[in-house]
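Data block below; observations after.
The values are calculated or read from the model by the stated rules, or taken from the named source; none is laboratory data. Since the model is a prediction, treat every value here as computed from it, not as a measurement. Reconstructed Cβ throughout: ideal geometry from the backbone, glycine too, with neighbour counts over all protein chains shown. These area figures cover heavy atoms from the full protein model, side chains too; ligands, DNA and RNA do not enter into them. Shrake-Rupley method; radii C 1.70, N 1.55, O 1.52, S 1.80 Å.
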Amino acid sequence: MDSKLRKMAILASMGVILLVSLLVLYTNGSGNGRADGPKGTAPPRQESGQGASEGQAQIGSDGVVNGQIGNDLSAFLRDDTFFDQEVNPILEEAMDNASRLSLVVTSVEKDLRVQIVDMEGKPVTGESFFVRLDGLGEYKDLDKDGIIYIGDLAAGEYSVELMPMEGYRVPANETRVKVKDKVEYVAIDDISLLLLTEDDIDAAAEDTAVADALTDADSTEIQKLQRPTANSKVGIDVSKWNGDIDWDMVKNAGVEFAIIRAGYRGSVTGSLVEDPRFADNIRGATASGIPVGVYFFTQAVNEVEAVEEASAVLQLIREYNLEYPVFIDTEGAGGNGRADGLDPDTRTLVCEAFCRTIANAGYRAGIYGSRNWYNNNLHAQNLEHYCIWLAEYRSAPLYQGYYQMWQYTSRGSVEGIVGNVDMNISYLP
């Protein structure tokens, strides 16, 4: 935490300690003030003229009021040692905990992510921390986000040490960690430390997905909710752009499933961000009896980042039941997105890494893309063992590959949602 937050934490701890101390004093005073006479008798009354007027407390030099101990609740103000850390171990411990740091270190493939966290497990931002990696020197948190990424490491065992920082207590011992040689396609346990909300970022700059299918649409595009058949179901996909949704009305309109955006990776910084409407949408849909799946807009530039994205989704969906797949949404971000320039080989590896991580966690996995995207930016034939979700806006797709879901319009309309909504047909069993 930065110095301002640390001061606030210390002051809050002092306030709690003060309140507890006052309550203890008050309780002790109430108990010690009872007379030693028979049960139920009142203590002797102080008569007028004996050093105090009737109804007025008499305070002695020792802080005793009317012979009772602990009634002077302001006595601590006359105690020069009350706030002295050397004689107040409770306050000292609170201040110590407020500045104590620890390390969370993980590896995906020939790399290390070192996260500097506080006692609550949250990354400490606003400071340029240094860590020392045995045999390789020191690395600095240049952007002060509490995370230091070290890449291009040889596989093996390493020791990581957090260097001293004024105002903080760093771990006394080094952290031992194993750098992995290859991606294992398993969820990263501490990914929650990297998940942000839109309050933490510039959403206008980061959330910039562009629907490539719009450029390929023709005049035969169907914009109405289709009728289900014996082998198909009709549904929608939604995100924050669809606003507040009345899911009961959506259900009554005939929608049979919903694919909900869980989040996205920022087009500029690469931050992992939860869709601000995700929780409301998935809870609302399931409460209305609509089966759900989810999707995540990718801007991963390699397999490591794809595993991060899959891990973020798995963290977000951990308390929900999904009947439809978890999709990676691979499309452009306006030409300037960090992943817009990937070659088909790399982009296919990204999709494969995402889907394998999802599948290894026990969920069905899939890929969303337009006809042009599958034809020109991916090796789609290498991904057909996952669920292929095609976006092509015409009465009948021209795409020659295999697909199991079809997004046939982005300009549909359904009761319960204001404005346009994406509509889909699922051929999944």
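Values as computed for the structure displayed
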read-out: Tally of residues being open to solvent by less than 20 Å² (accessible area, probe 1.4 Å), in a strand (DSSP E or B) and closer than 13 Å to Ser239 by Cβ across region 408-421; value: 1
read-out: Members of region 397-407 that are over 30 Å from the mean Cα position of the chain (by Cα), within 16 Å of Val234 (Cβ to Cβ) and hydrophobic (A, V, I, L, M, F, W, C); value: Trp406
read-out: Flag if Asn424 is in contact (Cβ under 8 Å) with a residue 40 or more places away in the chain and either surrounded by fewer than 21 Cβ atoms within 10 Å (Cβ to Cβ) or part of a loop (DSSP other than H, G, I, E, B) (or both); value: no
read-out: Test: residue in region 227-241 that is open to solvent by less than 60 Å² (accessible area, probe 1.4 Å), of a type in the set (Gly, Ala, Ser) and under 29 Å from the mean Cα position of the chain (by Cα); value: yes
read-out: Lone qualifier among Arg338, Arg364 - being under 28 Å from Gly151 (Cβ atoms), in contact (Cβ under 8 Å) with a residue 12 or more places away in the chain and either out of contact with any strand residue (DSSP E or B) (no Cβ under 9 Å at 6 or more places or on another chain) or open to solvent by 30 Å² or more (accessible area, probe 1.4 Å) (or both); value: Arg338
read-out: Of the criteria (1) open to solvent by less than 40 Å² (accessible area, probe 1.4 Å); (2) under 30 Å from Ile358 (Cβ atoms); (3) under 26 Å from the mean Cα position of the chain (by Cα), which one Tyr168 fails; value: (2)
read-out: Unmet requirement for Arg394, which otherwise passes all of (1) in contact (Cβ under 8 Å) with a residue 24 or more places away in the chain; (2) closer than 21 Å to Ala262 by Cβ; value: (2)
read-out: Selection from region 344-361 of residues that are in contact with a Phe, Trp or Tyr (Cβ under 7 Å, 6 or more places away or on another chain), open to solvent by 10 Å² or more (accessible area, probe 1.4 Å) and either more than 11 Å from Glu303 (Cβ to Cβ) or free of Cβ contacts under 8 Å to residues at least 12 places away in the same chain (or both); value: Asn360
read-out: Test: residue in region 362-385 that is more than 24 Å from Tyr185 (Cα to Cα), of a type in the set (A, V, I, L, M, F, W, C) and over 31 Å from the mean Cα position of the chain (by Cα); value: no
read-out: Filter pass, Gly293 being assigned to a strand (DSSP E or B) and either farther than 15 Å from Leu196 by Cα or in contact with a Cys (Cβ under 9 Å, 6 or more places away or on another chain) (or both); value: yes
read-out: Unique residue being open to solvent by 50 Å² or more (accessible area, probe 1.4 Å), under 20 Å from the mean Cα position of the chain (by Cα) and hydroxyl-bearing (Ser, Thr, Tyr) when the list is Thr269, Thr220, Thr215, Thr286; value: Thr269
read-out: Complete set of residues in region 319-361 that are under 24 Å from the mean Cα position of the chain (by Cα), basic (Lys, Arg) and assigned to a helix (DSSP H, G or I); value: Arg356
read-out: Selection count, region 171-192, where residues are part of a strand (DSSP E or B) and surrounded by 15 or more Cβ atoms within 10 Å (Cβ to Cβ); value: 3
read-out: Residues of region 299-318 that turn out to be open to solvent by 10 Å² or more (accessible area, probe 1.4 Å) and part of a loop (DSSP other than H, G, I, E, B), as a count; value: 3
read-out: Unique residue being small (Gly, Ala, Ser) and closer than 25 Å to Tyr264 by Cβ when the list is Ser128, Ser159, Ser192; value: Ser192
